[in-house]
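The values are calculated or read from the model by the stated rules, or taken from the named source; none is laboratory data. Computed from a prediction, not measured in an experiment: that's the story for all the values here. Because the Cβ atoms are built from the backbone with ideal geometry, glycine has one as well, and the counts that use them run over all protein chains shown.
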Amino acid sequence: MALQASKLKIGDTHGERVVENLTRTQIVQYAGASGDYNPLHTDEIYTTKVAGYPSVFAHGMLTMGLTSKMLTNWVGDGRLTRFGVRFTNQVWPGDTLDATATVAALREEGGQHLADITLSTVNQDGREVMTGTATARIDP
Amino acid sequence: MAKITFPVEASHIMMFARAIGDTNPVYHDAAAAKAGETGGIIAPPSFVQAVAQFDPDYFLRPKPGQPWFGSGKTPSGVEGKAASSGGLHAEQHYEYHRHPRPGDVLTAETRPGKTWEKESKRAGKLTFRERITEYRDQNGELVVTATSVGVTTERPVAQG
């Protein structure tokens, strides 16, 4: 179900819990699917003893992927024309993430209705781990 | 930079969707996807990142017979590796001209973008580097434009 311009207003939001108690195994799963085998994400020994971090941490792109699930659940499949994010804090095993999308602008371009959306993903401490923006094609 | 050929396959899309915890049938159920708005399976929005699988020289994948900087007998398989954090991903932006589908054979070509520096309390001097990748389909049509910003830090990012 796509969003409708006639029923949407600036400030409308949609949020979802996109992961609860993130596991190291899910990070491994993401490494395997994406092809990014950086040991910072999957190798606790390297990451703590050589790189100097308290533990492995998620790929930023996993957070983007988790957030995209919330976004496409809201705007519909194949509706995005633009999706961009900034990674602001690391995501660790055990984290629970809530992602929120907010309508920032509604516009029309060449007869196509579009919604500009801002994105925010926060962890269980309310700390923002990712911010972003997206644009989706919506129905009239 | 060399062009990378990236065949988009249904099983790869399914595995990628699983990894991000997305159970939407449009990523794994051909019949359900066909009946929906997209008319078939499409790739999730951040899927093109998996082009790394098709880069023969991708440096973040262990290769047979070559030392790997992750742990084995010792915490790192590469002697004298600096304890710096190396590169981190700062930003990622996609522009979709359409969404990739199984059967597409994409060609990815990357060019460098802007470079800039910033001082940070948590990690020292930060150097940002932009890379722009265009994904074109088998007909030469632009499918996705991706802009990635990487950051190298002077020291590991302080926590807290």
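Scanning the stretch B:87-143 for residues that are touching a residue at least 60 places away in the same chain (Cβ under 8 Å) and aromatic (Phe, Trp, Tyr) yields a total of 1. Annotation: B:Thr147 fulfils all but one of (1) within 12 Å of chain A (Cβ to nearest Cβ); (2) farther than 28 Å from A:Leu66 by Cα; (3) in a strand (DSSP E or B); (4) not charged (D, E, K, R); the unmet one is (2). For the stretch B:104-123, the set of residues classified as assigned to a strand (DSSP E or B), within 13 Å of chain A (Cβ to nearest Cβ) and in contact with a Ser or Thr (Cβ under 6 Å, 6 or more places away or on another chain) consists of B:Ala108 only. A single member of A:Thr135, A:Thr72 is assigned to a helix (DSSP H, G or I), β-branched (Val, Ile, Thr), on the phi < 0 side of the Ramachandran plot and touching a strand residue (DSSP E or B) at 6+ places or on another chain (Cβ under 8 Å), and it is A:Thr72. Among residues of the stretch B:19-48 being under 16 Å from A:Met64 (Cβ atoms) and assigned to a helix (DSSP H, G or I), the one that is nearest to the other protein chains (Cβ to nearest Cβ) is B:Ala19. Restricting attention to the stretch B:1-14, the residues that are surrounded by fewer than 18 Cβ atoms within 10 Å (Cβ to Cβ) and either within 9 Å of chain A (Cβ to nearest Cβ) or assigned to a helix (DSSP H, G or I) (or both) add up to 3.
Taking every residue in the stretch A:1-16 that is in a loop (DSSP other than H, G, I, E, B) and pairing it with any residue that is polar (S, T, N, Q), at least 6 positions away or on another chain, the pairs with Cβ-Cβ distances below 7 Å are A:Gly11/A:Thr102.
Residue-by-condition table, conditions (1) modelled with pLDDT under 95; (2) within 15 Å of B:Ala17 (Cα to Cα):
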residue: A:Leu22; (1), (2): no, no
residue: A:Gln26; (1), (2): no, yes
residue: A:Ser34; (1), (2): no, yes
residue: A:Tyr37; (1), (2): no, no
residue: A:Thr42; (1), (2): no, no
residue: A:Gly52; (1), (2): yes, no
residue: A:Phe57; (1), (2): no, no
residue: A:Leu62; (1), (2): no, yes
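Kindly indicate whether B:Arg101 is closer than 30 Å to A:Arg137 by Cα, charged (D, E, K, R) and at the interface with chain A (Cβ under 10 Å from one of its Cβ atoms). Answer is yes for this residue. Could you check how many residues of the stretch A:73-110 are of a type in the set (Val, Ile, Thr) and within 12 Å of chain B (Cβ to nearest Cβ)? So the answer is 5.
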